[in-house]
Amino acid sequence: MKKTFTTLALSLSLLIPISSFAKNNVVVVATGGTIAGAGASSTNSATYTAAKVPVDDLLNAVPQIQNLANVTGVQALQIASESITDKELLSIARQVNDLVKKPSVNGVVITHGTDTVEETAFFLSLVIKTDKPIVLVASMRPPSALSADGPLNLYSAVALAASDSAKGKGVMILMNDGIFAARDVTKSINIHTNAFTSQWGALGTLVEGKPYWFRNVAKRFNNASEFNIENIKGDALPLVQIVYGSTNMLPDAYLAYQKAGAKAIIHAGTGNGSVAKYIVPTLNQLQADGVQIIRSSRVPHGFVLRNAEQPDDKYGWVVAHDLNPQKAKILAALALTKTKDAKEIQRMFWEY
Ligand code: GLU
């Protein structure tokens, strides 16, 4: 009898490929960008139209991903990422949130344009309650170009999203073999395939379908975040805009944004978020009118120190800590969904 069972089990295991049971389920959510772009010829690596190729074609171009996971695709958007507004950002977040809540989904990959992938990644890391891997992936060359980087990036992103070791690591960007944390990754070169860096280093490296880890994020994200996409209604976040610091500034941009309804202005200041002395009265007037003033920096590395360069305590301003201006804009908009208190907003900037 025992022998019959063993023989039966053995014969069944030969009939049903065990690998299809063992593989995780990964959904690829396509939003556009260069990774779905198309150029006129194979030598057009930088001149092309973004957001052309549909998700099924992207997946079929890399059949090897089906060895890593059971992969399905969803076409969420087809857009160049510089044209993303709150409406698209919230729509992506809601679609991904619905996916990660399904017990049958183990991980999500989002294909995206490189220009604003860091903003989308950071937003998702703040508003989605999950420990499942969410991996954003992009490319610098369209699929039609020689040495297109999209196929390998997509392969690696699926491997990462399917990996049990990526659970609890938060939202990541996979580019050029690097695994980056959403909060501190940034596009730092706009013409080469090694376009993304983090001043604190990558979380790890992905080689031949396997992640190797080197650090964790020390700040709050995903399950530890106080923000939740399910509590955000409508298609728009509180309005936040960025003003870039330089010599010979005019106050007009700050005033125009106030008039347009901005609830916070990110001052992308020189150096340590410094503010020209002839601009300080304008910012103090805005602050008195209820517009939050948040000092970030146009310098890509380092962080803005509170009460250095400017007396933030005295003025009631906020510092963005190490968040770059575009990331500060995302956190400020979310913070304003909860509070108008500058001290509370500052707490959030220390914690995320
Ligand atoms: N500007 C386009 C975008 O961000 C293409 C850039 C890219 O994906 O590399 O979608």
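The values are calculated or read from the model by the stated rules, or taken from the named source; none is laboratory data. The structure displayed is predicted, hence computed values, not measured ones. Here Cβ is always computed from backbone atoms with ideal geometry, including for glycine, and neighbour counts include all displayed protein chains. Side chains included, ligands, DNA and RNA excluded: accessible areas come from the protein's heavy atoms. Shrake-Rupley method; radii C 1.70, N 1.55, O 1.52, S 1.80 Å.
Here are the numbers for the structure shown:
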item	result
For the range 22-28, 3J(HN,Hα) per residue [Karplus equation, 6.51 cos²θ - 1.76 cosθ + 1.60, θ = phi - 60°, Hz, x = Gly/Pro]	7, 6, 6, 9, 10, 9, 9
Residue-averaged 222 nm ellipticity for the chain, from DSSP H runs of 4+ at -39500 (n - 2.57), nearest 500	-9000 deg cm²/dmol
Heavy-atom accessible surface of the range 309-352: percent carbon and sulfur, 1.4 Å	48 percent
Two-site FRET efficiency, residue 299 against residue 260, from Cβ-Cβ distance with R₀ of 35 Å, rounded to 0.05	0.80
Within the accessible area of the range 140-270 (1.4 Å probe), percent carbon and sulfur	54 percent
Local electrostatic count at residue 162 - Lys and Arg +1, Asp and Glu -1, tallied over other residues with Cβ under 15 Å	+2
Added length on full extension, which subtracts the Cα-Cα distance from 0.36 nm per residue, residue 22 to residue 215	66.7 nm
Cut-off under 5 Å, modelled amide H: who pairs with residue 179 long-range	203, 204, 205, 206
Simple spin-label estimate for residue 74 and residue 235 in nanometres, 7 Å along Cα-Cβ	1.9 nm
From phi via Karplus (6.51, -1.76, 1.60), per-residue ³J(HN,Hα) for the range 291-303 in Hz, x at Gly/Pro	8, 5, 9, 10, 8, 10, 9, 7, 7, x, 10, x, 7
Percent RCO, i.e. relative contact order, over the range 220-343, from Cα pairs under 8 Å lying at least 6 residues apart	26 percent
Distance between modelled label sites at residue 207 and residue 57, nm, 7 Å Cα→Cβ extension	3.5 nm
Considering only the range 93-235, percent of DSSP beta bridges that pair antiparallel, nearest 5	60 percent
³J(HN,Hα) computed for each position of the range 323-340 - Karplus, 6.51 cos²θ - 1.76 cosθ + 1.60, integer Hz, glycine/proline x	6, 6, x, 6, 6, 4, 4, 5, 5, 4, 4, 5, 4, 5, 6, 10, 8, 10
Three-way shape call for the range 157-220 based on the alpha-carbon gyration tensor, with the a/c threshold at 1.5	oblate
Listed residues 254, 278, 315, most fluctuating in the chain (Gaussian network, C-alpha, under 10 Å)	278
Relative contact order (%) - the chain, alpha-carbon pairs under 8 angstrom, separation at least six	13 percent
Gain upon complete extension [residue 200, residue 43; 0.36 nm per residue less C-alpha separation]	53.0 nm
Estimated dipole of the chain in Debye, rounded to 20 [Cβ of Lys and Arg +1, of Asp and Glu -1, Cα centre]	760 debye
Amide proton proximity set for residue 136, modelled H, under 5 Å, gap of 5+	110, 172, 173, 174
Shape call, the range 236-333: gyration tensor on alpha carbons, a/c limit 1.5	rounded
Descending principal axes extents, the chain, alpha-carbon based, whole Å	88, 51, 37
Per residue accessible area in Å² of the chain, where ligands, DNA and RNA are left out and the probe is 1.4 Å	46 Å²
